[in-house]
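No value in this document is a laboratory result; all are computed from the given coordinates. Here the structure is a predicted model, which means the values were calculated and not measured. When we count neighbours, we look across all protein chains shown, and the Cβ atoms used for this are built from the backbone with ideal geometry, even at glycine.
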Number of protein chains: 2
Amino acid sequence: MTSQAPVDFYFEFSSPYGYIASQLAEDFENRIGRELRWRPFLLGPVFKLTGQAPLVEVPMKGEYSKRDFLRSARMHEVPYRHPAKFPIGTVAALRAFYWVSDRDPAQARKLASALYKAFFVDGIDIGAPQAVIDIAKDVGIDAAALAAALDDPALKERAKKEVEAAIAAGVFGSPFFIADGEPFWGVDRMPMLEKWIRTGGW
Amino acid sequence: MTSQAPVDFYFEFSSPYGYIASQLAEDFENRIGRELRWRPFLLGPVFKLTGQAPLVEVPMKGEYSKRDFLRSARMHEVPYRHPAKFPIGTVAALRAFYWVSDRDPAQARKLASALYKAFFVDGIDIGAPQAVIDIAKDVGIDAAALAAALDDPALKERAKKEVEAAIAAGVFGSPFFIADGEPFWGVDRMPMLEKWIRTGGW
């Protein structure tokens, strides 16, 4: 049985592997014949729950990771410049995404791609709300309305609920995919996810 | 330029992904045209250095991992039964391996495979030195000589130096491969390693 339900694609805006996955998303959707539902979340609250830390701050693993970000991007032919300030807080990006998503999901995906490009290619610190607003404006979003929304407690609550939902679904890293209840963690697990979908699992 | 130097294959005897990699080793060597040099180490001292913990003890990641051990084994068609006692200390297995390896490297590899099978298929607790000795005997190793060696401070020092060497080489997980100085962590990175070797890197 082949499901046509979208595959949830969880990612954190400060995650190099999430960015690489986002760049592979369209080809991947074409290959699996399913849509990816983009669902940004925050790794900070997850790390608090799991006692983990950002990759680059873990001894030994940090050095390996910095090398692997670049190597993985080159392998997938994805443009990548490691940001000078890294990792960053991405709560403004998260809130902006869901505000746009509630109005126009396709535009929210465009915004996410533009935010990722700004951070991982152009070296813009997207931790700053004004940077997020400027990037949103560039993709055709009403900047004044977004700026007002970013201060709205309702939007803060909306974004927080998404992070809680991700955690409740078992998401502990970025990228993270859930297809018909089956979880897959990591850009390097996309081949396994593809095989899972093609075969119906094993 | 293609190097003919062996590729270092680091693994911990209590690591499911290390076990799966060991089962894929022979086909992998044939495909890459290079030998794997089996180098067991201990994750315990690494976790102390990196502040990490065994996968199954990490909240959220632990549940995912237990599911993924089984799923990964099935995907690779590797027999796997998750051990009732897990993880275990594997210092006796480590010492036995290097004692045999100094005498007959091919037999040491046979011993490693037999230890892995005992733990991940037959459910034998290979943390016990007597279990290691019994398994060694089954693959044709002099059990009495090995039993005596396991209490020898020289062998303890020999095995300790291997763990230190792995850490000095940057090894922080299992399996871990180093090919011509390039590190690859995880059984799911074997395709990347294969591509790296085929192409000479990128």
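Just to be sure I understand, how many residues within the range A:120-143 are assigned to a helix (DSSP H, G or I) and over 18 Å from A:Tyr98 (Cβ atoms)? Spell out how you get there, then give the answer.
Of the residues in the range A:120-143, the ones assigned to a helix (DSSP H, G or I) are A:120, A:129-138, A:143.
Remaining after also requiring over 18 Å from A:Tyr98 (Cβ atoms): A:120, A:130, A:134, A:138.
The number of residues fulfilling the criteria is 4.
On the given criteria, is B:Ala73 within 16 Å of the chain's Cα centre (by Cα), free of Cβ contacts under 8 Å to residues at least 60 places away in the same chain and buried (at least 19 other Cβ atoms within 10 Å of the Cβ)? Walk me through how you get there before you give the answer.
Details: within 16 Å of the chain's Cα centre (by Cα): yes; free of Cβ contacts under 8 Å to residues at least 60 places away in the same chain: yes; buried (at least 19 other Cβ atoms within 10 Å of the Cβ): yes.
Spelling it out, B:Ala73 is indeed within 16 Å of the chain's Cα centre (by Cα), free of Cβ contacts under 8 Å to residues at least 60 places away in the same chain and buried (at least 19 other Cβ atoms within 10 Å of the Cβ).
Matching residues to (1) of a type in the set (D, E, K, R); (2) in contact with a helix residue (DSSP H, G or I) (Cβ under 6 Å, 6 or more places away or on another chain); (3) crowded, with 16+ Cβ neighbours inside 10 Å:
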site	(1), (2), (3)
B:Arg81	yes, no, no
B:Phe120	no, yes, yes
B:Lys137	yes, yes, no
B:Ala145	no, no, no
Quick one: in the range B:154-202, of everything that is within 8 Å of chain A (Cβ to nearest Cβ) and at positive phi, which residue is nearest to the chain's Cα centre (by Cα)? B:Gly186
Is it true that B:Ile135 is touching a Leu at 6+ places or on another chain (Cβ under 7 Å) and among the aliphatic types (A, V, I, L, M)? yes
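Give the residues of the range B:63-81 that are assigned to a helix (DSSP H, G or I) and not small (Gly, Ala, Ser), sorted by residue number.
Restricting attention to the range B:63-81, the residues satisfying the condition of being assigned to a helix (DSSP H, G or I) are B:63-75.
Hits for the range B:63-81 are B:Glu63, B:Tyr64, B:Lys66, B:Arg67, B:Asp68, B:Phe69, B:Leu70, B:Arg71, B:Arg74, B:Met75.
Filter the range A:122-135 for residues that are polar (S, T, N, Q) and either within 14 Å of chain B (Cβ to nearest Cβ) or surrounded by 17 or more Cβ atoms within 10 Å (Cβ to Cβ) (or both) and give the result.
The initial filter retains those residues of the range A:122-135 that are polar (S, T, N, Q), namely A:130.
None - no residue of the range A:122-135 is polar (S, T, N, Q) and either within 14 Å of chain B (Cβ to nearest Cβ) or surrounded by 17 or more Cβ atoms within 10 Å (Cβ to Cβ) (or both), so the list stays empty.
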Could you tell me which residue of the range B:50-62 is nearest to B:Phe172 (Cα to Cα), considering only residues that are part of a helix (DSSP H, G or I) and within 7 Å of chain A (Cβ to nearest Cβ)? B:Thr50
Given (1) crowded, with 20+ Cβ neighbours inside 10 Å; (2) of a type in the set (Lys, Arg); (3) within 14 Å of another protein chain (Cβ to nearest Cβ), number of the condition B:Arg67 does not satisfy: (1)
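Tally time: how many residues in the range A:1-57 are closer than 30 Å to B:Val46 by Cβ and surrounded by fewer than 18 Cβ atoms within 10 Å (Cβ to Cβ)? Can you show your working first?
Taking the range A:1-57 as the starting set, the residues that turn out to be closer than 30 Å to B:Val46 by Cβ are A:10-12, A:14-21, A:41-57.
Then keep just the ones that are surrounded by fewer than 18 Cβ atoms within 10 Å (Cβ to Cβ); that gives A:44-45, A:47-49, A:51, A:53-54, A:56-57.
Residues flagged as closer than 30 Å to B:Val46 by Cβ and surrounded by fewer than 18 Cβ atoms within 10 Å (Cβ to Cβ) within the range A:1-57 amount to 10.
Results for (1) free of Cβ contacts under 8 Å to residues at least 60 places away in the same chain; (2) within 12 Å of chain B (Cβ to nearest Cβ); (3) outside any strand (DSSP E or B); (4) among the polar types (S, T, N, Q), shown as yes or no for each residue.
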residue: A:Phe9; (1), (2), (3), (4): no, no, no, no
residue: A:Phe13; (1), (2), (3), (4): no, no, yes, no
residue: A:Glu26; (1), (2), (3), (4): yes, no, yes, no
residue: A:Arg34; (1), (2), (3), (4): no, no, yes, no
residue: A:Pro83; (1), (2), (3), (4): yes, no, yes, no
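Take the conditions within 13 Å of chain B (Cβ to nearest Cβ), under 15 Å from the mean Cα position of the chain (by Cα) and among the aromatic types (Phe, Trp, Tyr) and apply them to A:Phe47. Does it pass? Quick ask: steps written out before the conclusion?
Working: within 13 Å of chain B (Cβ to nearest Cβ): yes; under 15 Å from the mean Cα position of the chain (by Cα): no; among the aromatic types (Phe, Trp, Tyr): yes.
Spelling it out, it is not the case that A:Phe47 is within 13 Å of chain B (Cβ to nearest Cβ), under 15 Å from the mean Cα position of the chain (by Cα) and among the aromatic types (Phe, Trp, Tyr).
Name the single residue that is farthest from A:Leu70 (Cα to Cα) among those in the range B:163-196 being acidic (Asp, Glu) and not in a loop (DSSP other than H, G, I, E, B). Lay out the reasoning, then the answer.
First pass over the range B:163-196, keeping only residues acidic (Asp, Glu): B:164, B:180, B:182, B:188, B:194.
Keeping just the survivors that are not in a loop (DSSP other than H, G, I, E, B) gives B:164, B:182, B:188, B:194.
On the way: B:Glu164: 28, B:Glu182: 13, B:Asp188: 18, B:Glu194: 18 Å.
Restricting to residues being acidic (Asp, Glu) and not in a loop (DSSP other than H, G, I, E, B), the top hit is B:Glu164.
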